[in-house]
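This report concerns only the one structure given below.
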Amino acid sequence: MPDPKINPTINLNPAEIAQNGIARLVAENIPAAKQKTYWYDWKVTHPTTGRDVGRLTVDKSEPWVAHWAATGADVGVQDVSLILREGGKPTGAEAGRAQDVIIVEPGPAPINVSLARVEVPDTPQVPFWDYIRTSSDGLSFNNYEKFLDYVLCGTPKDKKDLDVAPGLQDSWEAERNKLTNSIPDPHTGRRDYFPQTRIPFPDVESYRILKAATEAFLMTNCGVFGLDLDLFSGIGPSLIDIEEQIGLGAGELDRLWRRFLTKVKANGGPPIETLPYLAIVRQKVKDVPLTGISEDTRLAGEICYAILREKFTHPCLLELIWSYWHEEGMLVQSLNAISMRFQNRRGPGDIDPLAGMTIDPLRPLSNLLWGYIQDEQHRLTVARRVYEYDHEYGLTLIGQAVPLVQGADTRSKFLEAFHNLLHRASIFYKEDDDTTMIADSFPVLNALREVHLLLAEGAHNQWGDLPWTARHEMLMQQWLLARPEFREFLPSRVMVPYPEPWMERVDAVRRLQGWGDTSVRYFSDLGRFGEQIVLSIRFGNWSNIFDRNEAADWARSWRQEVQWYIHAYQTVTGVDLSAEMADVRQAEQARERALQPAFHIQRRLVEQRTRAQVAVGRPRRGQPSQAPAPPQRVQP
């Protein structure tokens, strides 16, 4: 029975709460001596159904105090009850009872609070950046291989099965018609494919066709086609698809593109549109006329004193840094080693790693290699490429065939500036991911301006022609290495998912020759993403941009490419371009970032060979341990 001397009451604070509010319930009028001897059985129930409502919590240190949250409770009066039980147990005899009511009033809807990144409006350069990616994909090896299969080996019905843009299909069809509609030679019966590419050697017809088709591929897939027309007309996804991918409204991409292009005067006629960087260059030589766009005036412009309008309005989106990283990955050296063995010439060393190479003359590879070797004198030498690497980027190679570079105009500051840009971008990404702060993009803008200036200083002399020729030659080398005949004498790893078939052959030669255990796919990533990043800087107007929001937009747009480049660079050289330098132990990072990648690659190779010697057996006490010499680049 309840203790008649105890008549508890409930103090509600407040007595009226909103639907998402919380009330404090306190049991009062209880003797202090017995306050801790009871079990407090609190309940808040619906007056009609009697079911528990809301969420009730009791303070364990003060069980006479409870908190009730009206979450999910109906609007209106709710019953509050308290039963005191003897012995401090839920099963004890009832010692007292109290009741009251609490009113739940309609309350505002719950407010979700979250932090979001500061939105930066899209800059006019966004369409051009997407075009760079489209052009890069169009120049990929997989697209090149698809082009050769269709143009050289395809049939008309194959066109509908091509996984390329309709505009490219038409271009490829035109190139294929040049081959199939050529007139056969009356003496040999052979068709004269691209007579302008004749090679003065006998029995090299298949190689000559490959060489001409590769040039046709570059002509149809490289460059900004139709700056005065639709941006992506015929060479990539539609404008609507791209706008959906990057979250722009209908027509927004075209509007940004028109804002990005700069109009310049052309010989008193209507103005023409070109990239901002080229427009600045035009202002410096505005006294020089522009040639027309017809074939006759183009040829005349190559001889007369005039600016080639085609190059001015349709620059080719190629960078020599692509060729540099593929050469560092030993693409050229792999085919050089195969070419030496094809001529039955032993390479350096007592053991010939390619001793098992026997290519029968019944399949195309034999004649293709014959033509490739015969045409050696018409290809770029290592010295030509190395001097241009040094002129444009301050980069060099290490090897026996590499000359001592004494460049007349080297970009000695480029590597440091470029790696500083990537480092600043990585810091910006960390700050940008922290939604409690606004990332500072001003250091990125300064780094972009510095890299842009250095790139412009190196855009002279061979800048336009040598990258084109180097890409032309290396694409052919990739295609030759991807031939299925190589599976018979190069150890292949079937279970390794290479993105491009030539990589498997290069890695096999690297293992046989002892050129390191880093896969060439990382060198290829450096070439691909490095080219895209450099192109986005070279043709921009960074010298006249003072808005740091444009640098923030650049960093966010190229985040994937920048982070892929940093990852691949660390895999190849062991240097982390994103590492902080606040720690004294990381102070060496600043100096290592400015060192030549070739130095880091050779150092890692020596360390790898030293570890391999130790694994085989340590030298006896008293015997010197000699570090192995780095691999030597040789010419076939």
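The values are calculated or read from the model by the stated rules, or taken from the named source; none is laboratory data. Owing to the predicted nature of the structure, the values given are computational and were not obtained by experimental measurement. Positions of Cβ are generated from backbone atoms using ideal geometry, with glycine treated the same way; all protein chains shown enter the neighbour counts. Just the protein is used for accessible areas: all its heavy atoms, side chains included, with ligands, DNA and RNA removed. Shrake-Rupley method; radii C 1.70, N 1.55, O 1.52, S 1.80 Å.
If Lys and Arg each add +1 and Asp and Glu each add -1, what is the summed charge of the other residues whose beta carbon sits under 14 Å from the beta carbon of residue 101? Cβ neighbours under 14 Å give a net charge of -4.
At a 1.4 Å probe radius, which order do 473, 376 fall into by accessible area, largest first?
Highest to lowest solvent-accessible surface, that is 376, 473.
A Stokes-Einstein calculation at 20 °C with viscosity 1.002 mPa s, built on the Kirkwood radius of region 366-420 over Cα pairs, returns a diffusion coefficient of 165 µm²/s. Every Cα-Cα pair in region 331-479 was counted, and those over 24 Å apart are 54% of them. Positive-end ranking of 25, 58, 38 along the dipole of region 12-80, with charges on Cβ about the Cα centre, is headed by 38. Within the shell of other residues whose beta carbon sits under 14 angstrom from the beta carbon of residue 36, the net charge comes to +1, with Lys and Arg scored +1 and Asp and Glu -1.
Calculated on the Cα set of region 461-502, radius of gyration then Dmax: 14.4, 45 Å. Electrostatic bookkeeping for residue 427 treats Lys and Arg as +1 and Asp and Glu as -1; over the other residues with beta carbon under 12 Å from its beta carbon, the sum is -4. Take the Kirkwood radius over Cα pairs of region 338-406, plug it into Stokes-Einstein at 10 °C and 1.306 mPa s, and you get 109 µm²/s for translational diffusion. Hydrodynamic estimate: the Kirkwood radius of region 473-571 over Cα pairs, inserted into Stokes-Einstein at 25 °C and 0.890 mPa s, corresponds to D of 154 µm²/s.
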